[in-house]
Ligand code: BG6
């Protein structure tokens with residue numbers, strides 16, 4: 001699903017194009033309030049550091065940077081489906097967007113922030129995929145003391161279509177066994193490890209004692225990651241009605257070739273989504289935007 005590199009827009013001095021892992025093209029953003037790297041493959045944010053602070057996003061040291069493989073860590077974009085494709089089991093997990101080459105379409109400074117925009121449209125490959133619709137996706141990445149991500153999808157087709165989406169963010173934490181997530185109390189969830197039936201909501205913050213793979217539906221709540229040995233990270237979202245929480249724990253991590261055996265302690269995925277019954281339906285000409293902001297405190 002690669003194409004010839006698109007021409008670059010005018011770039012401010014805070015945005016440089018370089019060569020990253022596997023020879024892939026990466027936009028390196030060095031703003032006054034924060035820095036970040038975004039690979040054009042997948043419009044994949046692989047790092048964000050608010051100035052003077054430690055990296056907030058986690059990347060696996062074992063991540064592959066090869067064609068056909070998504071990067072492991074940072075913020076994969078899952079679109080236009082989440083997980084396996086129900087109509088085509090051979091279609092890539094989490095959709096084609098994280099494997100596609102996005103165009104860097106705009107970059108500008110806004111006060112202390114730097115905003116970089118990426119664009120993906122349908123191609124012969126996507127029109128021949130399990131999701132054959134005409135669309136435009138614009139992804140805006142705001143790098144500063146906060147990290148802001150906004151994914152806008154427009155229906156350029158002549159009929160309505162539905163899609164799922166997730167900003168599958170890997171957050172760097174002290175130790176998964178000592179953190180807790182607040183904000184999901186009272187929200188029923190589907191435990192992907194236990195089947196499809198909704199589980200009763202919990203009244204306490206989420207703590208981790210084993211592999212965890214949960215889909216919370218119908219929730220717009222902000223989530224705070226905290227704990228004795230972890231700094232605080234707050235995830236605040238808009239245009240998103242689902243949240244996925246994931247940690248592979250020991251056995252699943254060991255079974256993934258692009259995930260270090262002991263790395264599971266250092267990450268948690270808090271994913272801003274519209275999936276399952278919260279999938280988005282767009283009429284021709286309509287646009288939907290899902291956005292999320294990350295704030296970190298030491
Ligand atoms: C999560 C899913 O969002 O992504 C998990 O809920 C899945 O079931 C995980 O294992 C990682 O997926 P992938 O395709 O990046 O290995």
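The values are calculated or read from the model by the stated rules, or taken from the named source; none is laboratory data. On a predicted model such as this, the values are computed, not experimentally measured, just so you know. Please note: Cβ atoms are built from the backbone with ideal geometry, for glycine as well, and neighbour counts cover all protein chains shown.
Things to note:
- Residues that are surrounded by 15 or more Cβ atoms within 10 Å (Cβ to Cβ), within 11 Å of the ligand (Cβ to nearest atom), in a strand (DSSP E or B) and modelled with pLDDT of 95 or more do not occur anywhere in the range 118-129.
- Check on residue 137, more than 25 Å from residue 281 (Cβ to Cβ), at pLDDT 95 or above and either part of a strand (DSSP E or B) or under 19 Å from the mean Cα position of the chain (by Cα) (or both): no
- Residue 259 meets all of the listed conditions (1) within 16 Å of the ligand (Cβ to nearest atom); (2) within 29 Å of residue 65 (Cα to Cα); (3) touching a residue at least 60 places away in the same chain (Cβ under 8 Å); (4) not in a loop (DSSP other than H, G, I, E, B) but one, namely (4).
- Search result, residues across the range 152-178 that are within 16 Å of the ligand (Cβ to nearest atom) and in contact with a helix residue (DSSP H, G or I) (Cβ under 9 Å, 6 or more places away or on another chain): 164, 165, 168, 176
- In summary, residue 85 fulfils each of the numbered conditions (1) within 14 Å of the ligand (Cβ to nearest atom); (2) surrounded by 17 or more Cβ atoms within 10 Å (Cβ to Cβ); (3) under 16 Å from the mean Cα position of the chain (by Cα) with the single exception of condition (3).
- Scanning the range 219-226 for residues that are within 16 Å of the chain's Cα centre (by Cα), in a strand (DSSP E or B) and closer than 18 Å to residue 169 by Cβ turns up at least one hit.
- Annotation: of all residues in the range 56-76 being surrounded by fewer than 15 Cβ atoms within 10 Å (Cβ to Cβ) and more than 15 Å from the ligand (Cβ to nearest atom), the one that is nearest to residue 170 (Cα to Cα) is 61.
- The range 97-115, residues that are in contact with a strand residue (DSSP E or B) (Cβ under 9 Å, 6 or more places away or on another chain) and not in a strand (DSSP E or B): 97, 98, 99, 100, 102, 112
- Just one of the listed residues (235, 244, 190) is within 18 Å of residue 79 (Cα to Cα), within 16 Å of the ligand (Cβ to nearest atom), in contact with a strand residue (DSSP E or B) (Cβ under 8 Å, 6 or more places away or on another chain) and in contact (Cβ under 8 Å) with a residue 40 or more places away in the chain, namely 244.
Residue-wise test of (1) in a loop (DSSP other than H, G, I, E, B); (2) without any contact (Cβ under 8 Å) to a residue 60 or more places away in the chain.
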position	(1), (2)
49	no, yes
53	yes, no
62	yes, no
71	yes, yes
85	yes, yes
89	yes, yes
